[in-house]
Amino acid sequence: MQEFTYTLKDPVGIHARPAGILARKVKDFESTVTIIKGEQSASAGALMKVMALGAKQGDEITIRVEGPDEDVCAKVVEGFFRENM
Amino acid sequence: METLTGTTVVGGIAIGRIRYFAPFAYEASDAPAADPEEEVLRFEKSRYAVQDGLHDLYEKALNEAGEEEAEIFQAHEMMLDDEDLIASCISCIKEDGHLAEYAVVQAFDEAAAMFAAMEDPYFAARSADVIDLKNRMLEHLSGREQEEWTEPAILAAEDLAPSETVRLDKSLLLGIVTKGGSSSSHTAILARSLGIPTIIQCKDLSSECDGKEAILDGDGGCLHLEPDAETAKKLRDKKEAADRDLARLQELKGLDNITTDGHTVRIYANIGSPEDLESVLANDAGGIGLFRSEFLYLNGSAEPSEEEQSAAYRKVLEAMAPKQVIIRTCDIGADKTVDYMDLTPEDNPAMGLRAIRLCLTRRDFFKRQLRALLRASAYGNLGIMFPMIISVREVRECRALLEECGQELKAEGIQTGTYETGIMIETPAAALLADELAETVDFFSIGTNDLTQYTCALDRQNAALAPFLDPHHPALLKLIDMTVQAAHRHGIWAGICGELAADLSLTETFLRMGVDELSVSPVRILPLRDKVRNLNLT
């Protein structure tokens, strides 16, 4: 299992378009990607649930990646967060 | 003839047949599916078809309206890939044996409710997107074809969803009238960008008007169905005259606001939200003299964050730079209230805890706006204006808070820019103290609507008072003159941003007083420029 934390920089938080692009990205991997904020969590493929976490600028979220290709998947997802959120 | 009334979004006159855009109502039957596998297939086929359609809309919007308008369709397309949403639809069909339509209604309504329950206004508004998607899915599943428009018409509807507004062939739209909608709804945004006559909140509008001949009078805020010959002739003549005037006024774009004997005045625009920018630019405004910041507060279910505010201000500042943008700080209270502010009802709200009084009472709230303004100041030529001032002390307190916010931002390493500070002169007290007040600010802007109401002790909304209302009351003109002279004695400028600024019968008077700036709604700019260019003050 791979896990990292990320502090959101986008003023709106995780909004529709980046959530949608993320959902598409993780489809390329076998690993499951879970976005965790406090006690709530959502699978990265369920973009509406991800949006509904209501994560805002300044919030710290945890991203958990589990599966056979978790190393490379975690790298891709982390890079995506850094560039887009 | 039948006449329906509503609220004007865009003025002007449209003459044509009504096309009623019926809202899509679908009664999902809970009858069992004959063949669940077949239903899943139907669901997936529709999902792909709707996604294809959305992709086409994205490209169409990208070409016609630009990236920002188009993004929503890309987001919609992606939302239909949501694994949870798909899983709950398929499980509803396979496990519970329902029809695809029923599954769509259940799953999409649940997702919409999830968003609607969110506090953040951005996410709460996504609920409408999910409903829009649900309707598109149901339309496809039920094979309901959209009727094509072939001739120009006035569009009538309950309200319009974003996907509906893009699908319309704009070249055939003469005007828009809706039963619901608000000035910040998609309908209003579309109407402003197209500049076609539009009225909203036309309560008595119904599908019965479909196909009828009509005249939409945007200036008068009404819709005449099957107009009689007299009304038709009157409005047709008015439209022809207006079309001629409009063509003539367009030629004034890019010209100076200068009298034949060389006096100049700045003509700025009044706006209520960033959506008005297009009209501001199209009408060649010299700047923005009054940007009412209330739209940020009145539209949502929670107070806008510092970031949201700052982003909205920045958008306007960047679009106008290097021209000046004067943003008036929050003027809520009195008749403009919102639930989350939890304001106590007052017996006499016009004289109550409103505008600067409310802001100085709730300083943390006020500071969030001041910080947002200062952050935005780095991106253009900003003027910050305080409303409802009655004393020098209030101005000092506002300035002290601004200073405090500036220090905080500096300590946080956030960049700010330079800006001017001004006040609204809209109480007799402020006009009488103009000399003292002029020493504390960079400019005055006279708000004639409130100044009239407070000077004459006369409620302008009360129709019964009409016989007593003199918009050119000598006391008012005297106060305006006093204010302008005081400003000039102290080397600051003075403008007028109330309705009177656009009153062409007073333009000469104002110029003779030495008014430096007139701020009017965007569509009044060119007529005012025309007036100024034909004046001679010698």
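Read-outs: derived from the displayed coordinates by stated rules, not from any lab. Owing to the predicted nature of the structure, the values given are computational and were not obtained by experimental measurement. No Cβ is skipped: glycine too gets one built from the backbone with ideal geometry, and neighbour counts run over all protein chains shown.
Points worth noting:
- CD proxy at 222 nm, helix term only [per DSSP H run n ≥ 4: -39500 (n - 2.57); per residue of chain B; nearest 500]: -14500 deg cm²/dmol
- Simple spin-label estimate for B:T7 and B:R396 gives 4.1 nm between the two label positions (7 Å along the Cα-to-Cβ direction from each Cα).
- Förster radius 30 Å - calculated FRET efficiency between A:T32 and B:E119, Cβ distance, rounded to 0.05: 0.55
- Pairwise Cα inverse-distance average, inverted: Kirkwood Rh of the stretch B:251-533 (Å): 19.2
- For the residues of A:11-17, the average number of beta carbons from a partner chain within 10 Å of their own beta carbon is 6.
- Remark: the protein assembly as shown projects, on average over all directions, an area of 32.1 nm² (convex hull of Cα atoms).
- Using a cutoff of 8 angstrom between alpha carbon atoms and counting only pairs six or more residues apart, the relative contact order for chain B works out to 14 percent.
- Highest to lowest packing among B:490-503, B:359-372, scored as the average C-beta count within 10 Å: B:490-503, B:359-372
- Shape of the stretch A:1-81, Cα gyration tensor, a/c cut at 1.5: prolate
- Reciprocal mean inverse distance between Cα atoms of the stretch B:328-473 - Kirkwood radius, Å: 16.6
- Peptide packing for B:406-413, A:9-16 was compared via the average number of neighbouring C-beta atoms within 10 Å per residue; ordered from the highest value, the list is A:9-16, B:406-413.
- Exercise: per-residue mean of other protein chain Cβ atoms within 10 Å, B:105-111: 1
- The stretch B:1-78 - Kirkwood radius from inverse mean 1/r over Cα pairs (Å): 17.2
- Neighbour net charge for B:L235 - beta-carbon separation under 14 angstrom, K R +1, D E -1: -4
- Shape of the stretch B:398-538, Cα gyration tensor, a/c cut at 1.5: prolate
- Measure of compaction for the stretch B:191-309 (Cα Rg per 2.2 N^0.38 Å): 1.43
- Extension gain from B:S301 to B:E230, taking 0.36 nm per residue of separation minus the Cα-Cα distance: 20.9 nm
- Taken residue by residue and averaged, Cβ atoms of other chains lying within 10 Å of the Cβ of B:401-412 number 0.
- The orientation-averaged shadow of the Cα convex hull for the stretch B:36-141, equal to a quarter of the hull surface, comes to 6.5 nm².
- Working ranking of peptides B:384-395, B:466-477, A:70-81 by packing, defined as the average number of other Cβ atoms within 10 Å per residue, highest first, is B:384-395, A:70-81, B:466-477.
- Value of relative contact order over the stretch B:358-460, rounded to a whole percent, pairs C-alpha under 8 Å and six or more apart: 29
- On full extension, the segment bounded by B:A65 and B:A411 gains 120.5 nm, given 0.36 nm per residue less the C-alpha separation.
- At full extension, B:D56 and B:S171 could sit 39.5 nm farther apart than now, given 0.36 nm per residue minus the alpha carbon distance.
- Cα shape, chain B, gyration tensor, a/c 1.5 rule: prolate
- Selection from B:L360, B:M118, B:S279, by position along the positive dipole direction of the protein assembly as shown (Cβ): B:L360
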